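K.L.:
The structure that follows is given in the form of structure tokens.
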Amino acid sequence: MFQSFFCSNQNYILIINCIKNLEILKGIIKFENISQPFMFEITTQSFDLKTLNDLVLNASLIGLSDEVKIKITDCRTYLEEKIAASDAPIYGINTGFGALCDVKISSENLSALQHNLVRSHACGTGALVPKPVVKLMLLLKIKALSLGHSGVHLTTVERLVDFYNNDILPVVYTQGSLGASGDLAPLAHLALALIGEGEVWMGDQRCTTSEVLDRMKWSPIQLQSKEGLALLNGTQFMSAYAVHCLLNAYKISYLADLISAISLDAFDGRLEPFDLLIHFVRPHKGQLLTAHRIQEFLKDSDLMNQPKIHVQDPYSFRCIPQVHGATKDTLAFVEKTVMTEVNSVTDNPNIFRASDSIISGGNFHGQPIAFALDFLKIAMSELGNISERRTYQLISGQRQLSSFLVKSPGLNSGLMIPQYTAASIVSSNKQLATPASTDSIVSSNGQEDHVSMGANAATQAYQIVENVEQILAIELLNASQAMTFRTKETSPFLSAFLAAFRHDVPPVETDRSLYKDMQKALSFLKQLGLENEVLFEHYGG
């Protein structure tokens, strides 16, 4: 029924529309046909995660609303009036930075001060930040500056918009931020591009910024007082990683439910643990949603409805609602924290024209986002942990399944070793999930004596989310193989999903190099897309 709708191509996206009447598999459409790029206007209203997801998927252009332009301009005008009216020291505007905060800078050197700040702080190293995360960094920095409390020129923000709209993405490195005085080093590499220095990506080409500016016929931005500090202070490195990880984590949470339903049926498991009656008496929202989804996925499964010999299933099957559900509830908490952060002013000092105040504080400190990212790490690593346990059960030769899911075990090792791979990734995740936010270190000659380490939590969360997707791909490989040993059919929905998967990854008859199957399984999952109603579904709400 559904099989003809599927093919495997990186230029396609499978839309799974999980609505209650189970008309679920809608087929495929080309990425470029999802919608034409449109202009999204940045206003003073807050972003939500659905909006950010749409901006990412649709490659939308952005622009600043008239209201935002006025707020940015008014704030800058006020700052210039304050600087002209008094030579009193104002941190970061006419003083040095960090431990040099008491060094007064003359008015003729205020522009040089900001350029020197950007250059001196561009000390990133390590791996390169993925381009989708860099683009989110640009978007979130634009949003923070658009709130009108940072004192930058409108032309500076508009150049960031130009970079975003033309996919000119600064080359940024993963290492260098302590997650406290803002993400100083990563954001310095972002800001280097504005002044015509450093490197940028233009498509897949890595170029010097000066070369690209010449090509675009743009002049470098001449930073004025406060602007360099406004660009470098802020949590946009951590926050961009958090948004990217959250969007993928919501998708992976759905896939974990889907794949676990296949495993449960292939293991000849029982459906009673998913009866909503037992979840209503422990009504965690994520637990209810998970149980409900599993029931819907397995609706009309002949295999599930056959008489069962076994009274109970192992915890990795029986406790899917409780474990997967706890991750869902954690994602909801993380989303709340992250969305507060991305709609906030996180540089220093903050400028308040209405109250005639310029206040130096600590909004750049990443503790809230560091905690959220650490919690995300733990929650996602547990999805991988329980997935690997289901894989282990499937290959163990139980319930009329052949050992290692191959017809001639002994002569063939079958799916013995993919479980090893999953186990090694699970252990790696456990190490990565150790909280980064419980660490701190002194910097800037003792002036910055407590830091969040949220940037480390961010890059660790990114790796864990990628790892969990691979673990689930291995579970899907095993669950689909286990289904070949069953004579009864699973549900129409899961049958259609498995038919699509089988188009890419055929059953294992005799031993072959399985790394290719694992890569294809992962690619299959990455090509799946979810509509917002499914991605952000909340049971009962």
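The values are calculated or read from the model by the stated rules, or taken from the named source; none is laboratory data. Only a predicted model underlies this, so the values are computations on that prediction, with no experimental measurement involved. Cβ atoms come from the backbone with ideal geometry, glycine included; neighbour counts cover every protein chain shown. Ligands, DNA and RNA are stripped out before the accessible areas are found, and what is left, the full protein with its side chains, is counted by its heavy atoms. Shrake-Rupley method; radii C 1.70, N 1.55, O 1.52, S 1.80 Å.
K.L.:
Using only Cα atoms, tell me the angle between helix 454-483 and the longest principal axis of the chain; keep it within 0 to 90° and round to the nearest 10.
P.N.:
Taking the Cα atoms of the chain, the angle to 454-483 is about 20 degrees.
K.L.:
How high is the relative contact order of segment 388-538, in percent, with contacts defined as C-alpha pairs under 8 Å that are six or more residues apart? It would help to have the intermediate numbers written out before the result.
P.N.:
Details: 141 pairs, mean separation 38.7, N = 151.
Relative contact order of segment 388-538: 26 percent.
K.L.:
Determine the share of segment 472-526's accessible area contributed by carbon and sulfur atoms, expressed in whole percent, with a 1.4 angstrom probe. Walk me through the numbers before you get to the answer.
P.N.:
Values: 1200 of 2170 Å².
Using a 1.4 Å probe with all protein chains present, segment 472-526 comes out at 55 percent carbon and sulfur.
K.L.:
Provide the gained length on full extension for the span residue 57 to residue 41, in nm with one decimal, where the gain is 0.36 nm per separating residue minus the Cα-Cα distance.
P.N.:
So the chain would gain 4.1 nm between residue 57 and residue 41.
K.L.:
Give me the percent of the accessible area of segment 402-442 that comes from carbon and sulfur atoms, probe 1.4 Å, all protein chains in place.
P.N.:
Numbers: 1280 of 2160 Å².
That share works out to 59 percent.
K.L.:
With a 1.4 Å probe and all protein chains left in place, how much of the accessible area of segment 168-226 comes from carbon and sulfur atoms, in whole percent?
P.N.:
On the way: 1030 of 2160 Å².
Result for segment 168-226: 48 percent of the exposed heavy-atom area is carbon or sulfur.
K.L.:
Please give the helix 367-394 orientation as an angle from the longest Cα principal axis of the chain, in degrees from 0 to 90, rounded to the nearest 10.
P.N.:
20 degrees
K.L.:
Could you please report the charge total around residue 251, scoring K, R as +1 and D, E as -1 over all other residues with beta-carbon less than 14 angstrom from its beta-carbon?
P.N.:
Combined, the nearby Lys, Arg, Asp and Glu give -3.
K.L.:
Take peptides 517-523, 528-534, 81-87 and line them up by average Cβ neighbours within 10 Å, highest first, as a rough protection proxy.
P.N.:
Details: 517-523: 18.3, 528-534: 16.1, 81-87: 12.4.
Highest-to-lowest ranking by the protection proxy: 517-523, 528-534, 81-87.
K.L.:
Measuring with a 1.4 Å probe in the full set of protein chains, what accessible area per residue, in whole Å², belongs to the chain? Could the numbers behind the result be given before it?
P.N.:
On the way: 22050 Å² over 541 residues.
I get 41 Å² per residue for this part.
K.L.:
Report the full-extension gain for the segment residue 73 to residue 449: residue separation times 0.36 nm, less the Cα-Cα distance, to one decimal in nm. Provide the component values of the computation, followed by the final result.
P.N.:
Details: separation 376, 0.36 × 376 = 135.36 nm, distance 3.46 nm.
Once the chain is fully extended between residue 73 and residue 449, it gains 131.9 nm.
K.L.:
Right, next: I'd like the antiparallel share, as a percent to the nearest 5, of DSSP beta bridges with both residues in the chain. Walk me through the intermediate numbers first.
P.N.:
Working: 19 of 27 bridges.
Percent antiparallel among DSSP bridges in the chain is about 70.
K.L.:
Calculate how steeply helix 492-504 sits against the longest principal axis of the alpha-carbon atoms of the chain, using the helix alpha-carbon long axis, and give the answer as 0 to 90 degrees to the nearest 10.
P.N.:
The two axes meet at around 70 degrees.
K.L.:
Where does each of 165-176, 274-285 land if you order them by average Cβ count within 10 Å, highest first?
P.N.:
Numbers: 165-176: 20.2, 274-285: 13.7.
Put in order of decreasing packing, that is 165-176, 274-285.
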